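Visitor: What follows is a single structure, and I will ask about it in a moment.
A short reminder: the numbers here are calculations on the coordinates, not readings from a lab. Remember, it's a predicted structure, so these values are computed and weren't measured experimentally. Reconstructed Cβ throughout: ideal geometry from the backbone, glycine too, with neighbour counts over all protein chains shown.
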Amino acid sequence: MRIRRSRLHLILISFTIGFITAILCMVFFRPSFATGLRLSRIPIIFGKLNHNPFSTTGMASGSKKPVIVVGSGLAGLSAAYEALKAGASVRMLDRAPKPGGNSIKASSGINGAGTRFQHAQGISQDDTFYADTVRSAGRRFTEASPAGVDRKALVELLTGRSESAVNWLADEVSVDLSVVAQLGGHSVPRTHRGGGKLPPGAAIVSALLEKLKANPNFSLENSAEVDELLTGSDDAVKGVGYHVSEGEAQELEGAVVFAAGGFAGDAHGLLSKHRPDLAGMPSTNEARPASHGLLASLGAAFVDMDSVQIHPTGFVDPKDPGSAYKFLAAEALRGEGGILLSSTGERFINELNTRDVVSDAIMAMQHSTVGSTRQWDVTLLLDPGACEVAASHIGFYVWKGLVQKKKVKDLSPEIIASVDKYAALVASSSKSESVDPLGRKAFGHWRLPPGEANRDEEVCVGTVTPVVHFTMGGVAFDTQARVLRSKEGGETTPIAGLWAAGEITGGIHGANRLGGSSLLECAVFGRIAGAEAAKSVVGV
Ligand code: FAD
Ligand code: SIN
C-alpha cells in the first residue's frame, strides 16, 4: 500500500512537471514551426534570458519563413529593422554573449552629407562627400574590379543616401546626432555624434535594439554561432546551421542576411594570410576568428582582401604598454583640435590627412617592440578648447588612465615650443595670414594662445601608436546587397537567398576608408539587405 502511494506521488509529480513545462513552452516558444525552426529550443530560450538583457521573448508570427540575420552589429540591426518594416519576421543570431559587435564601440560617429545638423553648424552645402571617398579609396577605385562589383555605384549609394541614413537614425530611431566633427580626409565637418555621455556606437546600437525588441516578430539569440549556410539542390541559400554554446546543432530556414563583421581581429587567420607584414601590430579589435569562410564555402567572390586599415591612434596604456589590444583614441579628438607630436616633441603631419597617410608618417619613424607588440611613441595633445568639446570622450579616457590632464608649464620644453608654434598659427589663421607648413586647414576648437599666457592652462595628453583597425576588403556584393559568386571566365552571379552588409563586404572603401563611413555603410547597405531579403519571404 505504501509502495502504491509513493508511486501515485511519483505520477503526480511527473504530471505536474510535465504540465509546468508545457505552459513554459507555450509562453516562451510560441510559433516555433512558423519560424522554420526544426529542433527543440527550450534550453536556448532559458540561456538567452540568463545572459542577454536586450533579448525579447516575442517570436515571429505568421506562416512565412523568417529573415535570418547573422550578426547583431549595426549592419545586422539595420537589416532587421527594414525587414520587420517590410512585414517579415526576423531571427537574429550572434555568437557573442552580448549584442552590438564592433559597432557598439564606435567612437567618432556616422557620416552624413547635407544634413540639418551640418546646416545648424553653418555648413550650408556639402557636395564633396563622393569625391572625398573616391580620393581616399585611391588606386583601388581605378583598378579593375571583379565583375559585378560596381565601385562607383556602391559609393554613389553610400554617399547619396548618407543624409537619409542620419535622418533615419535621428528621427525614426531617436538617436541624438546633433554634434558634427571633421575627420581626416573630409573636406567639411560631416561626422555626426550626440552631445551626451554615450559614444555614438553605443547610442545607435542601444536605441535600435530598443526599437527591435518592442516588435513581437523579432528575436535575438546571443551565444549562437552560425557554422553553416544551408543550400538546396539549386545552390540557393535556404537557411543556416548554428549551435548555442555547448548545445546541439540547430537548423533554421529562411532568407539570410550575413552581417558578421570584418577580420581585423583575426590576427592568426585571415589577417596573417592577407597581410603577414602586419604581424605584431596591436589592434582595436578584440581577438575573434573571421566568418568569411562560410561565404567562401559557397564560392562567393572576395575583393581587396589585402586592404587593411591602420588607424594612427590607439592608446598605449601606461599600466599595460605591451598589450596587443588597444583602446582607440577617437579620430574626433584630432577633428576637434588635437595635434600629434613625435617622440622629439614636434608636429610632423597634417593631423587631418587620411588615416593611411598619417599612419604611414608615424610608421616611417623609429619603432620599438614592447613585449611582442610593435609600436611607436607619439603624443596626442588637446588644448582646453578641444578637451571641452570632447569632454565625454576625455572623461572616459582619463578614468581609464589613458589620458592625463597637465598644465602647459609641466610639459617638456620641446612640447611647449611646439604648442606655442601651433597656437600662434591657429591664432593668425582667423586673420587668414597663416598657412600651416604641414597643410592643416581646419583647427577644430583649439583656443590656447601662444606664449606665457598659456602656461597655467590645462591640456589633455596621451601616448598613441598605430593599430590594425578595419578591413576594407570583403565579400563582393552589388547595389541590392546580393552576395556575388564567381563563375567561370571571371564572371559573377548573385547567390540566391543570401545578402550581406557591413564590414564583411568589400569594394566600397578601396585602399582607405574615411572615418565615420563604416557606421554609414552598415546603415545604408544593412537597410537595403533587410528590405531585399524581406521581399523574398513576404513577396513584393
Ligand atoms: P560588427 O559590429 O562587428 O558585428 C558583427 C557581429 O557578427 C558580431 O557581433 C559577431 O559576434 C557576429 N558574428 C560574427 N561571426 C558570426 C557567426 N559565425 N555567427 C554568429 N554571429 C557572428 N566606424 C565608424 O563609421 N565610425 C566610428 O566612430 C567608428 N569607431 C570605431 C571604434 C572602434 C574601437 C572600432 C573597433 C571600430 C570603429 N568603427 C567606426 C568601425 C565600425 O564600428 C565597424 O566597422 C562596424 O561597426 C562594423 O559593423 P558590422 O555590423 O559590419 O559588424
Ligand atoms: C574613430 O573614432 O577614430 C574611429 C572612426 C572610424 O573608424 O570610422
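Visitor: Figure the gain on full extension for His268 and Leu298 (residue separation times 0.36 nm, minus the Cα-Cα span) and round it to one decimal in nm.
Guide: 8.5 nm
Visitor: Zone of Lys211 (label point 7 Å along Cα→Cβ, backbone N under 11 Å): which residues in segment 144-174?
Guide: Residues 165-174 fall inside that zone.
Visitor: Hey, rough spin-label estimate for Tyr130 and Ala391, points 7 angstrom out along Cα→Cβ, what's it come to in nanometres?
Guide: 4.0
Visitor: While we're here: Hey, which of these cross-link pairs are over 23 Å Cα-Cα: Lys326/Lys405; Lys64/Lys213; Lys105/Lys273; Lys98/Lys213; Lys197/Lys326; Lys65/Lys213?
Guide: With Cα atoms farther than 23 Å apart: Lys105/Lys273.
Visitor: With both bridge residues required to lie in the chain, what share of the DSSP beta bridges run antiparallel, to the nearest 5%?
Guide: Among the beta bridges of the chain, antiparallel pairing accounts for roughly 75 percent.
Visitor: Right, next: Where the centroid of each part is defined by its Cα atoms, how far is segment 398-460 from segment 245-319 in Å?
Guide: That distance is 38 Å.
Visitor: Can you give the Rg/Rh ratio of segment 66-113, where Rg is from the C-alpha atoms and Rh is the Kirkwood radius?
Guide: Reported Rg/Rh (Cα atoms, Kirkwood Rh): 1.04.
Visitor: Just need the Rg to Rh number for the chain, please, alpha carbons only, Kirkwood Rh.
Guide: 1.04
Visitor: Sticking with this structure for a sec: Let me see the pair-distance distribution of segment 117-214: every alpha carbon pair, 10 Å bin width, integer percents in order.
Guide: Binned Cα distances yield the sequence 14, 38, 31, 16, 1.
Visitor: A further question on this structure: Given labels modelled 7 Å from the Cα in the Cβ direction, how far is it in nm from Gln366 to Thr142?
Guide: Simple spin-label model gives 3.8 nm for this pair.
Visitor: Also, quick follow-up: Select from Val179, Val70, Gly254 the residue farthest towards the positive end of the dipole of the chain; place +1 on Cβ of Lys and Arg, -1 on Cβ of Asp and Glu, and compute about the Cα centre.
Guide: So the residue we want is Gly254.
Visitor: Sticking with this one: If you stretched the chain out fully between Glu156 and Ser178, how much longer would it get, using 0.36 nm times the residue separation minus the C-alpha to C-alpha distance?
Guide: The span from Glu156 to Ser178 would gain 5.5 nm if fully extended.
Visitor: PRE reach from Val398 (point 7 Å along Cα→Cβ): which of segment 405-419 fall under 19 Å by backbone N?
Guide: Under cut-off, by backbone N: 405-411.
Visitor: Given N residues in segment 158-240, what is Rg(Cα) / (2.2 N^0.38 Å)?
Guide: Compactness ratio reported: 1.53.
Visitor: To the nearest 10 degrees, how steeply does helix 151-160 sit against the main Cα axis of the chain, on a 0 to 90 scale?
Guide: Relative to the chain, helix 151-160 is tipped by roughly 80 degrees.
Visitor: Over segment 309-468, what number does the Rg to Rh ratio reach, with both radii from the alpha-carbon atoms and Rh per Kirkwood?
Guide: The Rg/Rh ratio comes out at 0.95.
Visitor: How much length is gained on full extension from Ala279 to Asp320, taking 0.36 nm per residue of separation minus their Cα-Cα distance?
Guide: 12.8 nm
Visitor: What shape does segment 60-143 have by the C-alpha gyration tensor, where a ≥ b ≥ c are the square roots of the eigenvalues, rounded means a/c under 1.5, and otherwise prolate means a/b greater than b/c and oblate the rest?
Guide: Judged from the Cα gyration tensor, segment 60-143 comes out prolate (a/c at least 1.5, a/b above b/c).
Visitor: Gap in Å between the Cα centre of segment 379-396 and the Cα centre of segment 169-206?
Guide: That distance is 17 Å.
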